[in-house]
Amino acid sequence: MSVFITFEGVDGAGKSTQLRLLLQYLEERGVPVFFTREPGGTPIAEQIREILLSPRNRGMSLITEALLFAASRAEHVSRTIRPALEAGKVVICDRFVDSSIVYQGFAGGLPLDFVEQINQMATGALRPHRTIVLDLAPEVALARLKAGGMDRIEEKSLAYHRQVREGYLEIARAEPRRVKIVDASRGVDEVQAEIRALVDEVLPRRFGGGRTAS
Ligand code: TYD
């Protein structure tokens, strides 16, 4: 039985650190994990990622942005995610459709139903069993990032990132069983413990999870 889990959150919420620790935990327990990320995950999708994130492309229209994210996702789902799910893997993806709903829709201002429709097409309506949102005030998150140098989307204003955060909270209110908000302002270990518990809930029982086989 396959399980599809996605990670979301404002830039700088500590997603990479938490994902690294989670993967270690799952691998130690012998869970067959396949990890991937968006935008990217296949050679074509990685090329689209470069166009999307390059600070040279500041003039890109919002619709182009949304369509390119969806195009990269279509490649990623058909060539990478679906085959891994079909092979029985637990697929963990760093960002997925919710990023587009929130960044291009809620924060960017594109109609949500447009973003939903193009993503429905791009993914063949594939939906995660669980989505974990690392929640952090954008002021704190962006201060963490500035040390590193920012990409084109990270450079957008604080107001934009506040809307990103609100968008995630709204999706979680609408789909409370799938989408779980995790307070990322706490220490790394505390955040990781909560993430592990939320992931265990959707793992099959043979891996110590709470899900009955289907
Ligand atoms: P990335 O460097 O992967 O950021 P992170 O490490 O925070 O995941 O860059 C992804 C950026 O693209 C991030 O700012 C979120 C944005 N994004 C969208 O705007 N829409 C999308 O559909 C996706 C997948 C990402």
Checklist line | Mean separation of Cα contacts under 8 Å, 6 or more apart, over the residue count of region 3-203: relative contact order % | finding: 33 percent
Next item on the list: Can you give me the three principal axis dimensions of the chain from its C-alpha atoms, in Å, biggest first?
Entry: 50, 37, 31
Next item on the list: Compute the FRET efficiency between A193 and Q47 as 1/(1 + (r/R0)^6), taking r as their Cβ-Cβ distance and R0 = 41 Å, and round to the nearest 0.05.
Entry: 0.60
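Any read-out appearing in this document is the output of simple, stated calculations on the displayed coordinates, not a laboratory observation. Quick caveat, the model's predicted, so the values are computed rather than measured. Neighbour counts run over all protein chains shown; Cβ positions are idealised from the backbone, glycine included.
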